[in-house]
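Here is the structure we will look at, set down as structure tokens.
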């Protein structure tokens, strides 16, 4: 039986054939066998990825220590891109990041944890001098019924979620000091396509709060940022955020969160537009703070974990790029100078790992290829005290 040719001998013959002319090489009977061997040669000749070092600790230089951004590194797989993203956050002058840590990614089976990716994100963030706020949600398959969405958390799995919060806080003790319990539970989509239920969310918050404090009494537990909505009573898709927060208090939420996460998108309004229960805008954050005050929690700090404006040319809720810059800088300034009850504002969104190819791309400060957009340059100039 004829033995199979080695990769070396095939390549040698190919070089000879090519020297006789490309047409002759393409007619060679060796070509089919070469096509089988070349992928194996490619596997053994793979170029190694870049070596990435955490580096020496850096410090954020800024005129506004409340400045933050939502980084969205959840699906960024290359370490050098994680590091470069966080370097650019520091270089822009933001001291805070909000990052999403999906439960289902890191506990794919009950009791089996994989911290490799979140460790990269947190360690690189700390090396850049950044404070990390961790949002925790996303239900693993094993913790929910079949044919349900990853936003569906049945009440019998509340303790499983709380156990994960315990393990997360314990693992990142002394590294991550802020955790957000769930995301926008006042939307049906975020509640597993069920009607929003403030009492049920409050029970989840209570369970998670207890376990987080078991792991680290000093961790700051934030109630979920609510979606700013004007949904009418009985709406099948959402509940008014002000009403939802009040009903959380009615259900016994007081004492089970150390601060409130707030989502404060500006839409087309200035950050200085008057706050109103019948309109949406950045200033609506102050109405959520007033709910805390009315319920005896006026001393609790607020953290704006999502906010911002969009400059897409075809989206009805967008503004022109220059106006987006003005509004963003003014919002950072307003929180610093006027809202003492607000500790931080993180704009959505610093960068995506890949283009969304929708209007969402026009919330970003930096492209997937690390090209700064004009808003990045303007905010950087503001943080350096270079803007009038």
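The values are calculated or read from the model by the stated rules, or taken from the named source; none is laboratory data. Just so we're clear, the structure is a prediction, and the values are computed from it rather than from any experiment. Here Cβ is always computed from backbone atoms with ideal geometry, including for glycine, and neighbour counts include all displayed protein chains.
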_Some residue of the stretch 340-350 being without any contact (Cβ under 8 Å) to a residue 60 or more places away in the chain and either touching a helix residue (DSSP H, G or I) at 6+ places or on another chain (Cβ under 8 Å) or not in a helix (DSSP H, G or I) (or both)_ = yes
*Within the bounds of the stretch 69-91, is there any residue that is under 19 Å from residue 305 (Cβ atoms), part of a strand (DSSP E or B) and within 16 Å of the chain's Cα centre (by Cα)?*
yes
*Single residue of 259, 255, 225 found to be closer than 18 Å to residue 302 by Cβ, surrounded by fewer than 15 Cβ atoms within 10 Å (Cβ to Cβ) and at pLDDT 95 or above*: 255
*Verdict on residue 276 being without any contact (Cβ under 8 Å) to a residue 40 or more places away in the chain, within 28 Å of residue 349 (Cα to Cα), more than 22 Å from the chain's Cα centre (by Cα) and in a helix (DSSP H, G or I)*: no
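Yes or no, residue by residue, for (1) surrounded by fewer than 21 Cβ atoms within 10 Å (Cβ to Cβ); (2) in the same structural domain as residue 168 (by TED's automatic domain parsing); (3) over 29 Å from residue 167 (Cβ atoms):
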residue: 201; (1), (2), (3): no, yes, no
residue: 212; (1), (2), (3): no, yes, no
residue: 221; (1), (2), (3): no, yes, no
residue: 241; (1), (2), (3): no, yes, yes
residue: 246; (1), (2), (3): yes, yes, yes
residue: 273; (1), (2), (3): yes, yes, yes
residue: 277; (1), (2), (3): yes, yes, yes
residue: 297; (1), (2), (3): yes, yes, no
*Which residue, of 236, 277, is more than 17 Å from residue 180 (Cα to Cα) and touching a helix residue (DSSP H, G or I) at 6+ places or on another chain (Cβ under 9 Å)?*
277
*farther than 20 Å from residue 185 by Cα, in contact (Cβ under 8 Å) with a residue 12 or more places away in the chain and not in a loop (DSSP other than H, G, I, E, B), is that true of residue 283?*
yes
*Hey, does the stretch 299-306 have a residue that's in contact (Cβ under 8 Å) with a residue 60 or more places away in the chain, over 30 Å from residue 219 (Cβ atoms) and outside any helix (DSSP H, G or I)?*
no
*Is the stretch 96-115 home to any residue that is assigned to a helix (DSSP H, G or I), in contact with a helix residue (DSSP H, G or I) (Cβ under 6 Å, 6 or more places away or on another chain) and over 15 Å from residue 168 (Cβ atoms)?*
no
_Looking at 194, 175, 210 in this structure, which one is farther than 19 Å from residue 96 by Cα, in contact (Cβ under 8 Å) with a residue 40 or more places away in the chain and assigned to a loop (DSSP other than H, G, I, E, B)?_
194
